[in-house]
Structure formats: structure tokens, C-alpha cells
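Encoded as C-alpha cells, the structure appears first; notes follow it.
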Amino acid sequence: MALINKIREKSGWAVGAIAIGLGVFVVGGDLLGPNSRLLGNDANTVGEIAGEEIEFQEFDQVLQQVKADYENRTGRAANEGELAMLREQAWNQLIFKIALQKEYDRLGIAVTEEELADMVQGNNIHPAVQQAFTNPQTGEFDRNQVVQYLQNLDQMGPEARPMWVNFEQSIYADRMQSKYMNLLTKTVYITDTEAKNYYQAQNASASIKALFVPFVSVSDSAVQVTDAQLQDYFDRNKELYKVDEGRSMEFVTIPVNASPEDSSYINQELGTLSQQFAAATNDSAFVNANSDVPFDGTYRNPGQLPEPLRNQLPLEEGKVYGPYSENSTKALFKVTDVREADASAVRASHILIRPENDTPEAKAAAQAKAQDVLAQIRNGADFAQMAAQYGTDGTASTGGDLGWFPQGQMVSEFDEAVFNYSGIGLLPNLVETEYGYHIVKVTAPKSNQEYQIAGVQRAIEPSETTRDAAYAVADELSGTSESAEELRENVAQNPSLVKEEATAIGKNNIVVNNLNNARELVRWAYAKDTDVGDVSPVFEIEDQFVVATLTNKREKGYAKLEDVREELTAAVRNELKAQQIIAKLEGQQGTLDEIAASYGPDATVRTADNVTFASAAIPGLGVEPMAVGKAFGLKPGARTAPFEGQSGVLMVELTQMNPAPEINDFSNVKEQMRGTRTNSVQSNAFEAIREKADVKDNRVRFF
């Protein structure tokens, strides 16, 4: 059985490696049958990969295996968030299986039966097999365990052989992927010139002066952006505006919160339970029968008690306290036992005055300051306010409160002073510790008692009446809004409703803005019969009802100009501002400082040292790759004409070039470049194959 568990674990490891190799894309949601109103028909196609249609049954078979592997490893059922992750892993496995297999076939990559046997019980054991069949006594791989396991497969139960087949398929797929990756990485070659240029870019540095005029120095009203200019910029930079399929919507949430009547009902119920609780002879059974939180029987010192009970100290055994409200919970507490603890506990506050350093003068100054603060408190100053003003540790923001703490927890000098003090109040003298000088106030007397508390705790939850009332609001909003315009009008007429916007919602998204588990809402937005302007039915998402309207459909490809108009307008506006600034700078003579002075207060001159070609950044100006590139193309003393940068117009002057130290051996540089390029080759290859596969993902119809 232990070996079966190991096989489960290693099979999941191989599957996970494949999923990681493909990368993490978008995630899915809940299963929806083919007869759903969202589908509109009985289509059974989940998607298409490299021209092959993926039927639901094929996808579900992979999903169930991935899900079983995960649950076997974790020992529990997957929750909704984990199911979304597992669906994505299953989809990626299908991409791997289909799209990559076509590449394997084209390149002649294969794993033979003999090679597979060699990985399991031959001379080149796969790492997953080694880990699964390690002898616990020796810590070494035991080939005999493999042989014995395979011979006894049929005696291990009905799940053993399918599990082994899946495990073999996993290591088979891993070996195929390794071969393909090795083939790609062997193509990586770094020339001497590349290594030298890379080394120079990293280690040569320049000192520069840069005249800078920011775009914001020209007001937006000074430039007029036309539609023709927007179109021209879009055409010139089209690749920057590639988008995936997306939806935009406006939505309204109607929260389902407990009403005052719901809270009153809980109070009445706890009032009745209070009398029964006081008379109960089996407190643990009473709690377990009437509380949302089971009885635990832990003994607590005063500092570990709920705050309402700490305010009632000392507590009486057998007495019921409450009900108390905290957050969205109401509670009754009964003291079931009181006993003497091994150590006392106390509550105190302090104001710590730290010396600036360890010199005698600094310590004397800190002590004098602490004495002055102590005197002010004695004369009536508020301790908490003085702590906030003078405290030098994390308790200053809470009025110096240290809470309850047991004897022995604090440093010895502080501990001794507090626990030797009787009663409550301000300690008469400063307490000196290694941290500085403390002004101390005991806020609750020390106690060596521990209490066993039985608590009946009830969450204040909305009743069905409250839930129905919230639903009625949402249902009316949905039912009386036949278009986006009508929804907006209805929302405007109800000041308690707030409309939100969500854009670029992916087809496999689970979250929409702050709405978690909003998969049903996303599926509605992507349904074939949902058009822009449609208003949704009421969706119940966690503790709220949601009504939405679809405001935009975005298809995969290049963005529509209207969808990116605001972004385009800002870019074109900067281009036009740059033209104005450049026209004013061109032809001016003198040094950069003189040109800046002539231009006006908006022009500044910055100096920067140790600028490297690889960094593409100028200290004080930020990332300016064009400016850095131009600087490294100059000779010392030369400067550029004005040009458009990332956030303004620049003129760059090279004041000094510091060549990289000479080296004769570039082997280490080559290895560094090879490692970086190898990782890039692998990730780029997967992305290229995925792109070439022309994946059509229609899982939104089912999940």
C-alpha cells in the first residue's frame, strides 16, 4: 500500500511538471450540463487543439485522472478553487498531448518499449521511479522492489494496474518532453562577439548630462488630437494592442446582511439558552448541541480570555456571562472550572524611552527625558497620550498597552518590577532594561488563576425573510431593466444601489472585480445568446445578489480603436507635445545649462554617473532606453539633438566613457548567457507551439 501511495505521488509529480512546462494560463469553473440554457444546444465539443476537436468525454477523462491524483496526494476532496486549477492542468495536458505530439512526430522523437523498460527496471532509472522504490533502510533505489511490485500488480486491487499504467504514461511523457527540450537547448550557441558585447553592456559605464523637458510642462489643452492621428498611431503600433477575448460589464450588488430583527432574534434565543445553560449538568454536551463552535475544554489565563470576560474578572465558577456581541457573532460563556496556574499573569502598559546610542551621555539624556514624562503623568497627564507622543516601540500606537502576559515572558528587570508590584497603577520609579527606560503602569492586577470556559456561540446570519427581501430588490431590478440604459436609470433612482464596472473579463475567469466565485456570471457574459446591452437574471454570489448588463464584447486579435481610445489619445498627445518641445529646442546654441535656462523653468539638466547600456535607465529620470542607447553612440563631449523619450523630451551629452575592464576569457559570460537563453528558448518554444496549435477554448460552455 505504501508503494501504491508513492506511485500516486510520483504520477502527480510528472503531471505537474508537464503542466508547469506548458505554463499557467486562465482557469475554469463549475460544470454545466449540455442541456443548460447557457449552451443553447446539445454541443459536446469542449474546444479544438491543432485542428482536433476535443469532446467533453475526452476532456473529462483527463480531468478525472488529474483530480484523482490530486486528491490522493492531499488526502481530501478538491475545493472549487482547486477544481479550477485542476481543470486548467487537464486542458494543458491535452495541449501537451496533441500539439507537442505533432512536433514530436515531425521531428522523429520517440520513446521505445525498450527505453521505457530501461527507465523502470534497467540501467537508466527515471527519477520518479527511483524515488518511489527507495529502500527505507538503505536510502538507495531497490530494483527488486520494482520487479516484485510489477509481479504482484494483479493482487493489489482493481486500482493498482490502471494507476501503474498512468504512472508509466507520465514518465513516458516526461522523457519525450526532456528529449524535445534537449534538442532545443542544443541549438543554443553563443559566439565570442555576442559574449563580448554582453560583457561590455553590463560593465562599461558612462557619465552623462541630460536636458529634460517633461510632457506635462505642455498643457493638454495646447494640443488637439484628431481621429486621423489616432488611427495613424494605432496603425504604426498595432502589435502593442493585441488582446485576448474579453467581456466588459456593469453590475450591481445587493448584499444579504443580517437585519436588526435577525440580531434581536438571536438575542432572544440566547436569552432562553442562558437559563438552560446555567442549569445544565453536562456543559460540553450542551455546547456541542447548541453552539456553532464545539467545546474544547482548554484552560486559559486572563490574557487568553475573550475581551468581555476579561472585563468581568475575577470570574465565578458556574456563572453564565453574556450574551456578548463581537463582529458578527453573539456568545454566552459559562465558567466550568477555576484552578491555580503555575505562573501568574498581569496586564500592563509602558512607555519606552530609548537612548540614541550606547554612550553614557545618551543614556543620561534618555533617563532625564523618561523622568520628565513620568513626572507629567504623576501630575495628571494621560498615560496613553504620553505613550503615543513619546513611546519608541510598537506599542506607542496603542497607548503603550502590552496586554496580558505571564510571569517570565519579559526581560528580567521588567518582569520583576511588574510582578513585585501590588494592585494596579503607575509604578513609582523608572524600570531600566537593555532596551532603555520604561515608564510602567499596571492596568489589571496579577492573577494566578486559569479558567475553563464553555461558550455557546452563534453567528448572526440573515434570516430567510431578510434574504427574500434582498432577492426581491435584485429581482425587481432585473425584471424592470430590459437594457443597459434602463438598468442605469433604475440604479440612479435607488440611492442604496451602487453600480460597478468590470472590463477585460476572460472567458475562464472565476473572479470579477471583488466578486469571488463569480463563474456563473462570467458564463452568462459568454453565452451565445447574450448580446451587448442585455441584462442578466439574478445571480447569487456568496452573500450577495448580483444583476449585470453586458457592455462590450471583445474578440481575440487586435483591439478596436474605440476600446483603446483613451490610451491612444494619451500617446498621440505626448507625440504632439514632443514636437512642440523639440521645435522650441532645435537650433539653440550653447551648453545644456544655457539651453535649459533659455527654454525656461520647465527644462532641467541632470547629471548621472555609472549608466550602463544593459540597464537602459538613467538615475533621476528612470527607464529611458533610447537616451541610454544614444549616449553610448556618442564620443565624449558630443551631444544629441532633442528627441522624444518615455516621459519627455531629452538632449543627452556624453561627458565620460568608462570602458569595461579587459578580460581574455569569456567562458563564464557565455555560460551565463547560455543559461538565460536556454530558459528563453524553452518558454518561447512552448508558446510558439501553442500559438501554432490555434487553440480554441470553449470550456466556458461547460464550466
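Putting +1 on Lys and Arg Cβ atoms and -1 on Asp and Glu Cβ atoms, find which of Ser667, Gln148, Gly271 reaches farthest to the positive end of the dipole of the chain.
Ser667
Charges at C-beta only: +1 for Lys and Arg, -1 for Asp and Glu. How large is the resulting dipole of the chain about its Cα centre, in Debye rounded to 20?
Using only the charged Cβ atoms, the result is roughly 1480 debye.
List the chymotrypsin sites (Phe, Trp or Tyr not before Pro) within the stretch 148-195 that DSSP assigns to loop and that have no more than 12 neighbouring Cβ atoms inside 10 Å.
For chymotrypsin sites (Phe, Trp or Tyr not before Pro) across the stretch 148-195 that sit outside H, G, I, E and B with at most 12 neighbouring Cβ atoms in 10 Å, the list reads Tyr189.
Once R0 is set to 45 Å, what does the formula 1/(1 + (r/R0)^6) return for the Cβ-Cβ distance between Lys528 and Tyr172, expressed as a FRET efficiency to the nearest 0.05?
It comes out at approximately 0.70.
Could you state how much accessible area Ser219 has, in square angstrom rounded to the nearest 10, with a 1.4 Å probe and all protein chains kept in place?
Roughly 60 Å² of Ser219 is accessible to a 1.4 Å probe.
Of the trypsin sites (Lys or Arg not before Pro) in the stretch 119-198, which ones lie in a loop per DSSP and count no more than 12 other C-beta atoms within 10 Å?
Here the trypsin sites (Lys or Arg not before Pro) that fit, given the DSSP loop and packing criteria, are Lys186.
Counting every Cα pair in the stretch 318-459, what percent are over 28 Å apart?
Looking at the stretch 318-459, the distances longer than 28 Å represent 33 percent of pairs.
I want to check a number: in the stretch 442-573, how many lysine pairs have alpha carbons closer than 30 Å, given a sequence separation of 8 or more or different chains?
Step by step, the pairs that qualify in the stretch 442-573 add up to 12.
Pull out the extension gain between Lys553 and Thr433, defined as 0.36 nm times the separation in residues minus the alpha carbon to alpha carbon distance; nm, one decimal.
Value of the extension gain: 36.5 nm.
Quick one: give the max-minus-min coordinate of the C-alpha atoms of the stretch 275-346 along each principal axis, largest first, in Å.
On the principal axes, the stretch 275-346 reaches 34, 29, 19 Å in Cα extent.
How large is the charge dipole for the stretch 443-577, taken about the Cα centre, if only the Cβ atoms of Lys, Arg (+1) and Asp, Glu (-1) carry charge, to the nearest 20 debye?
It comes to approximately 700 debye.
How many angstrom lie between the C-alpha centres of the stretch 651-677 and the stretch 480-508?
Cα centroid of the stretch 651-677 versus Cα centroid of the stretch 480-508: 56 Å apart.
Of Tyr324, Tyr104, Tyr599, which has the most accessible area and how do the rest follow, probe 1.4 Å?
Result of the area sort, largest leading: Tyr324, Tyr599, Tyr104.
Just need the Rg to Rh number for the stretch 442-555, please, alpha carbons only, Kirkwood Rh.
Result: Rg/Rh = 1.26.
Could you work out the Kirkwood radius for the stretch 302-343, taking every pair of different alpha carbons, averaging 1/r and inverting it, reported in Å?
By the Kirkwood definition, the hydrodynamic radius is 11.3 Å.
What does the charge dipole of the stretch 547-703 about its Cα centre add up to, to the nearest 20 debye, if the Cβ of each Lys and Arg holds +1 and the Cβ of each Asp and Glu holds -1?
800
For Asp142, Asp475, Asp665, write out the residues from largest to smallest accessible area, computed with a 1.4 angstrom probe and no ligands counted.
Asp665, Asp475, Asp142
Any idea of the accessible area per residue across the stretch 135-273, 1.4 Å probe, to the nearest Å²?
Ligands and nucleic acids excluded, the figure is 55 Å² per residue.
So how much accessible area does Ser349 have, in Å² to the nearest 10, using a 1.4 Å probe?
10
Based solely on its DSSP helices, what 222 nm [θ] is calculated for the chain when runs of n ≥ 4 H residues each add -39,500 (n - 2.57) and the sum is averaged over all residues, nearest 500 deg cm²/dmol?
Value at 222 nm, helices only, nearest 500: -13500 deg cm²/dmol.
By a straight-distance test (C-alpha under 30 Å), which lysines pair with Lys635 as possible cross-link partners, with residues fewer than eight away in the same chain excluded?
Leaving aside lysines fewer than 8 places away in the same chain, those within reach of Lys635 are Lys196, Lys209, Lys577, Lys584, Lys670.
Could you list log10 I(q)/I(0) for the stretch 395-454 at q = 0.21 Å⁻¹, which the Debye formula gives when each Cα is one point scatterer?
-0.91
With every protein chain left in place, what is the accessible area of Tyr233 in Å² (1.4 Å probe, nearest 10)?
It works out to around 30 Å².
Per the Kirkwood definition applied to all pairs of different Cα atoms, how many angstroms is the hydrodynamic radius of the stretch 76-208?
Across the stretch 76-208, the inverse of the average 1/r is 19.1 Å.
If you roll a 1.4 Å probe over the chain with all protein chains in place, what percent of the accessible area is carbon or sulfur?
Within the chain, the accessible surface is 47 percent carbon and sulfur.
Enumerate the whole-percent occupancy of each 10 Å bin, from 0 to the last occupied one, for all C-alpha pair distances of the stretch 487-625.
Pair shares across the bins are 8, 23, 21, 14, 16, 14, 4.
Quick check for you: which residues of the stretch 665-701 have the amide N under 11 Å from the point 7 Å beyond the Cα of Asp192 toward its beta carbon?
Flagged as within label range: 665-666.
Sort out for me the Cα centre separation of the stretch 215-272 from the stretch 573-645, rounded to whole Å.
37
Keeping every protein chain in place, order Thr191, Thr569 by accessible area at 1.4 Å, biggest value first, i.e. largest first.
Solvent-accessible surface, decreasing: Thr191, Thr569.
Calculate the spin-label point distance for Asp244 paired with Asn79, positioning each point 7 Å from the Cα along the beta-carbon direction, and give it in nanometres.
Going by the 7 Å Cα→Cβ label model, 2.4 nm.
Let me know the Kirkwood hydrodynamic radius for the stretch 311-397, please, with Cα pairs as the basis and the value in Å to one decimal.
Computed over Cα pairs of the stretch 311-397, the Kirkwood hydrodynamic radius comes out at 17.1 Å.
Could you go through the stretch 560-571 in sequence order and give the Karplus-derived ³J(HN,Hα) for each residue, using 6.51 cos²θ - 1.76 cosθ + 1.60 with θ = phi - 60°, rounded to whole Hz, and x for Gly and Pro?
Running phi through 6.51 cos²θ - 1.76 cosθ + 1.60 with θ = phi - 60° gives 6, 4, 5, 6, 10, 4, 4, 5, 5, 4, 5, 5 Hz.
Can you give the three extents of the C-alpha atoms in the stretch 56-126 along their principal axes, from longest to shortest, in whole Å?
Computed over the stretch 56-126, the largest-to-smallest principal extents equal 40, 29, 17 Å.
Let me know the shape class of the stretch 599-703, please: from the alpha-carbon gyration tensor, a ≥ b ≥ c as square roots of the eigenvalues, rounded when a/c is under 1.5, otherwise prolate if a/b is greater than b/c, or oblate.
oblate
Two decimals is fine: what is log10 I(q)/I(0) at q = 0.05, 0.09, 0.11 Å⁻¹ for the chain, from a Debye sum with one equal scatterer on every Cα and no solvent?
The Debye formula, applied to the Cα set alone, gives -0.49, -1.31, -1.21.
Once each part is reduced to its C-alpha centroid, what is the distance from the stretch 386-464 to the stretch 91-107 in angstrom?
64
Per residue of the stretch 462-476, what does 6.51 cos²θ - 1.76 cosθ + 1.60 with θ = phi - 60° give for ³J(HN,Hα)? Whole Hz please, x for Gly and Pro, Karplus curve as stated.
Rounded to whole hertz, the list is x, 7, 4, 5, 5, 5, 5, 5, 5, 5, 4, 5, 5, 5, 5.
The values are calculated or read from the model by the stated rules, or taken from the named source; none is laboratory data. These figures come from a predicted structure and were not determined experimentally. FYI the Cβ positions are ideal-geometry reconstructions off the backbone, even for glycines, and counts take in every protein chain you see. All accessible areas refer to the heavy atoms of the entire protein, side chains included, with ligands and DNA or RNA removed. Shrake-Rupley method; radii C 1.70, N 1.55, O 1.52, S 1.80 Å.
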